[in-house]
Amino acid sequence: MNCTRVFRRMPVYFFALALATGATGQPAGTTQLITEAARVRKEDPVKAFSLYTQAFEQAAESNSSDLAKAASEAVTLGFMQGGELLSKASALLLKALPVIDNVGDTSLDAAMIYYTAGYYYFSYYPLKWEEALKYFNKSLAIRTQRLGEQSSEVALCYSRLGDVYKYLLSDYAAAEDCYEKSIHIHERINGLSQRDGSADKLFGRQLPGFHHRE
C-alpha cells in the first residue's frame, strides 16, 4: 500500500467527516446543516435539498425550533427547481404538515409551509379545494399575526384565496372580496391607485410566485 497516497487523502476524508459530524464528533446539528445547505444552495441544489431534509428529520426527532425552517427551505427549493426535486419536495411537504400542526408552530417558516401546501393543492389536486383554502387561510392567519395586516405576504394570501374561489369554485363574489383586500393592502404599502390602473394589474393576476389558470 502506498502510505503517501493514503495520508494525502486523509485531510479530505476528515473534512467530509467533520461536515457530517461537527467539530465535536457528534452528528451535525440542525442549524449546522441548514447553514451548510444555504452555502451550497446555488451551485448544488440537490446537495442543499438533501442537507435541508436531514435537518428536518433531526429537528422532527428532537422537537427542535429549526423544524419549520428546515422544511420550508427544502420545500421552497424543490418547488423552485422542479423535476425530481419537485417530486421529493412534494413528499416532504406532506410529511411536514402534520408534524408542524402537532407542535403548533406559528413561525413565518410555518406560514410558508402552509402557503406552499395551498399552492400544491390548488395546482395539482384542484378537487381538494378545501385543502387549498385551509392552508392558505392558515398561512394568512400566521402572517397577519406576525406581520400585521399591511404586509405584501398577507396580500399574497388574499390573492391566492381569490384564485381558489375564482378558478376552482366559480364563486366570483368571494373571489372579488379577496382580490379587493389584496389590492387595498398594496395600495397602502406601495401607493398604488386603481384610478391609474396600476392596482388592477394586481387583481389576482400579476402578484409574484404563482402561475394562474385561465
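General remarks:
- Pairs over the 31 Å Cα-Cα cut-off, from the set K42/K128; K47/K181; K42/K181; K88/K128; K88/K181; K42/K166: K42/K128; K47/K181; K42/K181; K88/K181; K42/K166.
- Residues E149 and K95, FRET efficiency given R0 of 25 Å [Cβ-Cβ distance, rounded to 0.05]: 0.20
- Pairwise FRET efficiency - A38 versus A141, Cβ, R0 = 35 Å, nearest 0.05: 0.80
- Spacing of the two label points (7 Å from each Cα toward its C-beta) at S87 and I189, in nm: 3.6 nm
- Pair S107, E176: separation of 7 Å Cα→Cβ label points (nm): 4.1 nm
Quick note: the coordinates plus some simple rules give every number you see, no bench work behind them. Being a predicted model, the structure only gives us computed values, none of them experimental. Every residue, glycine as well, gets a Cβ built from its backbone with ideal geometry; the counts of neighbours run over all protein chains shown.
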